[in-house]
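Peer 1: This is the structure I have questions about; it appears just below.
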Amino acid sequence: MEIYGIGVDIVEVKRIKNAIKKNSGFLKRVYTSCEIDYCRSKKKGKYESFTARFAAKEAVAKSIRTGFGGNISFNEIEMDKMDSGLPYIKLYGKTDNYIKKLKIKEIKISISATENYAVAYAIAII
């Protein structure tokens with residue numbers, strides 16, 4: 001096992017909350033339908049959950065040494081969690097294909113969120 005890259009991102013909850021409220025296409029452009037359903041279902045911490053997922057997507061893109069566009073799309077990176085609560089990353093479409101071309105076997109993710117900020121740390125493993 002070898003580390004291909006690492007990425008970290010911190011995002012202000014207020015920024016994501018404003019983007020969701022002001023831009024009708026933001027949710028579908030950034031999140032998968034499962035992520036949208038999960039975050040919307042939360043009675044408390046909905047925007048913190050959206051923000052944590054946004055930070056996770058940014059950290060993943062940094063861990064593979066690229067940005068968004070071309071080979072990587074926000075809504076093709078999904079953060080889910082195991083029954084234990086441990087987060088993990090699922091990839092779809094051209095993003096998944098690109099990761100496979102890079103021979104990345106797994107992307108580990110760790111997240112944390114407060115009322116004001118969310119942070120994520122990703123490690124891409126080959």
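What follows draws every value from the coordinates through simple rules; no lab data is involved. In this text, all values refer to a predicted model and were calculated from it rather than measured experimentally. Ideal geometry is used to build each Cβ from the backbone, glycine not excepted, and the neighbour counts take in all protein chains shown.
Peer 1: What residue, among those in segment 55-77 that are over 13 Å from A122 (Cβ atoms) and not charged (D, E, K, R), is surrounded by the most Cβ atoms within 10 Å (Cβ to Cβ)?
Peer 2: At the first step, the residues of segment 55-77 found to be over 13 Å from A122 (Cβ atoms) are 67-71, 73-76.
Still in the list and also not charged (D, E, K, R): 67-71, 73-75.
Working: G67: 11, F68: 15, G69: 9, G70: 9, N71: 17, S73: 19, F74: 21, N75: 18.
Ranking the qualifying residues of segment 55-77, first place goes to F74.
Peer 1: Further question: Could you tell me which residue of segment 10-42 is farthest from the chain's Cα centre (by Cα), considering only residues that are under 19 Å from A59 (Cβ atoms) and of a type in the set (D, E)?
Peer 2: Within segment 10-42, the match that is farthest from the chain's Cα centre (by Cα) is E12.
Peer 1: Okay, moving on. Could you check how many residues of segment 10-27 are in a strand (DSSP E or B) and surrounded by 19 or more Cβ atoms within 10 Å (Cβ to Cβ)? Before you say what the answer is, go through the steps one by one.
Peer 2: Here is the first cut: in segment 10-27, the residues in a strand (DSSP E or B) are 10-12.
With surrounded by 19 or more Cβ atoms within 10 Å (Cβ to Cβ) added as a condition, the list becomes 11.
So the count comes out to 1.
This table checks each residue for (1) farther than 16 Å from I6 by Cα; (2) not basic (K, R).
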{"site": "C39", "(1), (2)": "yes, yes"}
{"site": "K44", "(1), (2)": "yes, no"}
{"site": "A61", "(1), (2)": "no, yes"}
{"site": "G67", "(1), (2)": "no, yes"}
{"site": "N75", "(1), (2)": "yes, yes"}
{"site": "M79", "(1), (2)": "yes, yes"}
{"site": "M82", "(1), (2)": "yes, yes"}
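Peer 1: Out of G7, G45, I need the residue that is surrounded by 14 or more Cβ atoms within 10 Å (Cβ to Cβ), within 21 Å of V119 (Cβ to Cβ) and within 12 Å of the chain's Cα centre (by Cα). Which one?
Peer 2: G7
Peer 1: Taking D80, is it surrounded by fewer than 17 Cβ atoms within 10 Å (Cβ to Cβ), in contact with a Pro (Cβ under 8 Å, 6 or more places away or on another chain) and among the acidic types (D, E)? Break it down into steps so the answer makes sense when it comes.
Peer 2: On the way: surrounded by fewer than 17 Cβ atoms within 10 Å (Cβ to Cβ): yes; in contact with a Pro (Cβ under 8 Å, 6 or more places away or on another chain): yes; among the acidic types (D, E): yes.
Yes.
Peer 1: Of all the residues that make up segment 67-126, how many are closer than 15 Å to E35 by Cα and touching a Leu at 6+ places or on another chain (Cβ under 8 Å)?
Peer 2: Of the residues in that region, 3 qualify.
Peer 1: Looking at segment 72-115, which of its residues are among the hydrophobic types (A, V, I, L, M, F, W, C), in contact with a strand residue (DSSP E or B) (Cβ under 8 Å, 6 or more places away or on another chain) and farther than 21 Å from K44 by Cα?
Peer 2: Here is the first cut: in segment 72-115, the residues among the hydrophobic types (A, V, I, L, M, F, W, C) are 72, 74, 77, 79, 82, 86, 89, 91, 99, 102, 104, 107, 109, 111, 113.
Retained after the next criterion (residues that are in contact with a strand residue (DSSP E or B) (Cβ under 8 Å, 6 or more places away or on another chain)): 77, 79, 82, 89, 91, 99, 102, 104, 107, 109, 111, 113.
If the condition is that a residue be among the hydrophobic types (A, V, I, L, M, F, W, C), in contact with a strand residue (DSSP E or B) (Cβ under 8 Å, 6 or more places away or on another chain) and farther than 21 Å from K44 by Cα, then I77, I89, L91, I99, L102, I104, I107, I109 are the ones that fit.
Peer 1: For residues in segment 96-124 being under 15 Å from L86 (Cα atoms) and of a type outside the set (V, I, T), which is surrounded by the fewest Cβ atoms within 10 Å (Cβ to Cβ)?
Peer 2: Checked segment 96-124; the qualifying residue surrounded by the fewest Cβ atoms within 10 Å (Cβ to Cβ) is S112.
Peer 1: Is there any pair linking a residue in segment 80-101 that is touching a residue at least 12 places away in the same chain (Cβ under 8 Å) to one that is loosely packed, with under 11 Cβ neighbours inside 10 Å, with Cβ under 7 Å and at least six apart or on different chains, and which?
Peer 2: Close Cβ pairs (under 7 Å, with a partner that is loosely packed, with under 11 Cβ neighbours inside 10 Å) amount to Y88/M82.
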